[in-house]
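Here the structure is laid out as structure tokens; the discussion comes afterwards.
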Amino acid sequence: MSGLKLVVFDPLTNFWPVGMEENNNVAVSQVLTPIARLRSTGCTFVLVHHDTKPDTSTGIAGRARGASVILNMSDVRVFIDREPDSDTIKVSFKTRNIKRVPAFNARMDETGRMRYDS
């Protein structure tokens, strides 16, 4: 692992063993524990794990899915939300052991550059 500065697991479920039950805290912990060891090497890692699909009756999606250990082992959770038919996204954060990070809005302008609003 020498020299690695960033590793992205996108989506995390691609790294589950065959037949993995993502709601099983013990099984998920067994997969995440070696990944979490990257913290001690100075390497940052990003686990991409998508929200639940929207409920068919309400159209509302949940904020998390799978075992609670996924949430509990995270230092920072990043949420990216976009309203249907909108070019603006809202980026918000939940932190575990660091100072709160403020949310912001962003959108691509006509030149393809990202513009940020607080």
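Each reported figure results from applying straightforward, stated rules to the coordinates on display, with no laboratory input. Quick caveat, the model's predicted, so the values are computed rather than measured. Here the Cβ positions follow ideal geometry from the backbone for every residue, glycine too, while neighbour counts run over all protein chains shown.
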request  = Tabulate in residue order the Karplus-calculated ³J(HN,Hα) for the range 30-42, using 6.51 cos²θ - 1.76 cosθ + 1.60 with θ = phi - 60°, rounded to whole Hz; enter x for Gly and Pro.
outcome  = 5, 7, 6, 4, x, 5, 5, 5, 4, 3, 6, 8, x
query = Using the count of nearby Cβ atoms within 10 Å as a rough guide to exposure, how do M73, M114 rank from fewest to most?
reply = M114, M73
query = For the range 76-118, what is Rg from Cα atoms divided by 2.2 N^0.38 Å, rounded to two decimals?
reply = 1.31
ask   = Can you give the net charge of the other residues whose Cβ lies under 11 Å from the Cβ of C43, counting K and R as +1 and D and E as -1?
value = +3
ask   = In the neighborhood of I89, defined by Cβ-to-Cβ distances under 12 Å, what is the net charge if each Lys or Arg adds +1 and each Asp or Glu adds -1?
value = 0
query = What length, rounded to one decimal in nm, is gained on full extension from V18 through to T44, with 0.36 nm per residue of separation minus their alpha-carbon distance?
reply = 6.8 nm
remark   = Here the FRET efficiency for N25 versus E83, based on Cβ atoms and R0 = 35 Å and rounded to 0.05, is 0.60
message = Under a crude label model (7 Å from the Cα following the beta-carbon direction), how far is T111 from I98 in nanometres?
response = 3.0
request  = With log10 I(q)/I(0) by the Debye sum over Cα atoms at q = 0.14 Å⁻¹ in mind, check (1) -0.54; (2) -0.77; (3) -0.60 and report the label derived from this structure.
outcome  = (2)
